[in-house]
Amino acid sequence: MSKSVIVENVYKKYKLYSKRSERMLDLLLPGKDYGEDFYALQNVSFDVEHGDIVGFVGVNGSGKSTLANIVAGVIPQTEGEVKLDGQASLIAVNAGLDKKLTGRENIELKLLMLGFNKTEIASMEEDIIEFSELGKFIDQPVKSYSSGMKSRLGFSISINIDPDILLIDEALSVGDKTFAQKSLDKMKEFKESGKTMFFVSHSIGQMKEFCEKILWLEFGEVKMYGDVNEVLPQYEEFLNHYKKMSKKEKKDFRKQALAKQSAKLE
Amino acid sequence: MRAGITVLMEQIKYFYLVRRLSVYELKSTTMNTYLGMAWELINPMIQISIFWFVFGYGIRQREPIEDVPFFQWMLAGIVVWFLINNGVLKGSKAIYSKIKMLSKMNFPMSVIPNYVIFSQLYPHLVLLLIVMVVLQFAGYPISVYYLQLPIYMFAVMALLFSISLITSTLSTIAQDVQMFLQSIMRMLLYLSPILWPPTRLPEWLQMVMMINPFYYIVEGYRQSLLGGEWFFIANWEYSLYFWSLVIVLFLFGSYLHVKFRRHFVDFL
């Protein structure tokens, strides 16, 4: 069985500039190096089988969302390779909606840009509207939506285009219980049909219920990757330990991490 | 050169998408006003009447230009200016204002400036139609010279797209470019033969003004609408210059665009 997603030695470097002029100089003078490096991801490698459900865990700033974005192809990696078997779709809170257009127009626009033709769009539109439970709000401009409504719309669109690989970035934490349940049911359907899914969430409960594998990121590096029952208990233990740290210890911990992330690992 | 071919192929392949997306673009910009798309016409009309008042009555005292009354002369040229102005300004904003929404879609990014410019073509066509009707009753009826209009329309779109490939890339890297363009465009309105005829200037200065490619477009429109001459044939050297410039801008723009497009998201 071929892999669904292969991530090989991915690095993501950001540049931190203290002044705007540094940014300009860095662009104009390619020979010299201006600004500080910051590695949001370092040497990340893992692979995923078809039908796996993988959760990304880690404390804030560990690079979970960055990794999800790279796998989805929204942002490019600095180094390394990401191979996907099929089409990936990222769901994040209000990702890619035109605030001035109505919900319905957003659906049409999004589907159009994904390459569907007129008849396909017309048939999918109704399903999406029904799933989103937006009712008559669907013909109101998106800027009048609450954050829950936006993520419901985004989620409904992404899930109905039937992607091969689905990445969900905290998008479920906004809807109410019933919508979250409905989404989970839909995702279980996906799971049964053998699709690959990624979860980024702080909710350990959801992870336990749903994921099969866990990728634990710590400051841009893979700390652990493996079965839920193997990784999650250790992550929980770490979290408890982290919570108990005094302010000073936490600060030191972060400082140490920052030092690690400012230079490339070999 | 290879980048140019890539970008060109992308435009042909995704032309259907350009057409469809441009409608949504127009909707999105006019959605929140009561008069909606009518503003795309009201705005130019207000500007035309002010220029007519200031330059026609105030400064020139209704002197005709080469036997053409000032109003008709200005109208035939200014009609394309609104397309040029909006095309340059919106085209250069295209990528950085849309990228959040459009990253990871199944089409190449070079389509973005194209459909933003294309969306400006609809109000232009309506305005052009109105101007044609006005000219009918103002002593310049439809003539065989109208046949050359599509050539200039294509020329202006090609020029705008080539320019926006450059400016949309640059303004994604540094948004100062947008500010700079705004002043340039304000200046170009006076440096193109729209509000006053440069024919009184010394010969060499006229030649300098003709470096501006919009000069070609505006004069072409004017000759078509007022029925003067087959402008692109009568001034074939100028046509040659214009198209060479478009090709150079297009190749340079494609090169820049293709070089940076993978990293647009990082620049924000």
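Structure summary
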quantity: Counted charge near B:V116, where neighbours are those whose Cβ lies closer than 10 Å (Asp, Glu -1; Lys, Arg +1); calculated: +2
quantity: Two-decimal log10 I(q)/I(0) for the range B:154-268, as the Debye equation yields it once each C-alpha is a single scatterer, q = 0.11, 0.13, 0.15 Å⁻¹; calculated: -0.45, -0.61, -0.77
quantity: Per-residue ³J(HN,Hα) for the range B:77-83, Karplus 6.51 cos²θ - 1.76 cosθ + 1.60, θ = phi - 60°, Hz, x for Gly and Pro; calculated: x, 6, 4, 8, 4, 5, 5
quantity: Residues with amide H under 5 Å from that of A:I91, placed H, sequence gap 5 or more; calculated: A:L167, A:I168, A:D169
quantity: Likely footprinting exposure, A:F46, B:F53, A:F198, fewest C-beta neighbours within 10 Å first; calculated: B:F53, A:F46, A:F198
quantity: At R0 = 22 Å, FRET efficiency that the Cβ-Cβ distance of B:I65 and B:L129 yields, to 0.05; calculated: 0.35
quantity: Largest-first principal axis extents of the Cα set of chain B (Å); calculated: 56, 46, 35
quantity: Nearby aspartates and glutamates by direct alpha-carbon distance to B:K90 (threshold 13 angstrom, same-chain neighbours under 8 apart not counted); calculated: B:E25
quantity: Chain A - percent relative contact order, Cα under 8 Å, separation 6 or more; calculated: 27
quantity: Approximate spin-label separation B:S143-B:L8, in nm, with each point projected 7 Å along Cα-to-Cβ; calculated: 3.5
quantity: Quotient of Cα Rg and 2.2 N^0.38 Å for chain A, N being how many residues it contains; calculated: 1.10
quantity: FRET efficiency, B:I151 to A:E120 (Cβ-Cβ, R0 35 Å, nearest 0.05); calculated: 0.40
quantity: From phi via Karplus (6.51, -1.76, 1.60), per-residue ³J(HN,Hα) for the range A:132-140 in Hz, x at Gly/Pro; calculated: 6, 6, 8, x, 6, 5, 4, 9, 9
quantity: Three semi-axes of the equivalent ellipsoid, the protein assembly as shown, Cα gyration tensor, whole Å, largest first; calculated: 53, 27, 20
quantity: Sites B:F180 and A:D176 - FRET efficiency at Förster radius 60 Å, r taken between beta-carbons, to 0.05; calculated: 0.80
quantity: Amide proton proximity set for A:E218, modelled H, under 5 Å, gap of 5+; calculated: A:K223
quantity: Cross-link pairs A:K3/A:K110; A:K64/A:K100; A:K118/B:K100 - those with Cα-Cα distance over 26 Å; calculated: A:K3/A:K110; A:K64/A:K100
quantity: Estimated dipole of the range B:2-267 in Debye, rounded to 20 [Cβ of Lys and Arg +1, of Asp and Glu -1, Cα centre]; calculated: 1100
quantity: Furthest towards positive pole of dipole, B:I163, B:M207, B:L129, structure part the range B:2-267, Cβ charges; calculated: B:I163
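Where a number appears in this text, it was derived from the coordinates with a stated rule and is not lab data. All values derive from a computational prediction rather than experimental measurement. Note: ideal-geometry Cβ built from the backbone for every residue, glycine included; neighbour counts use all protein chains shown.
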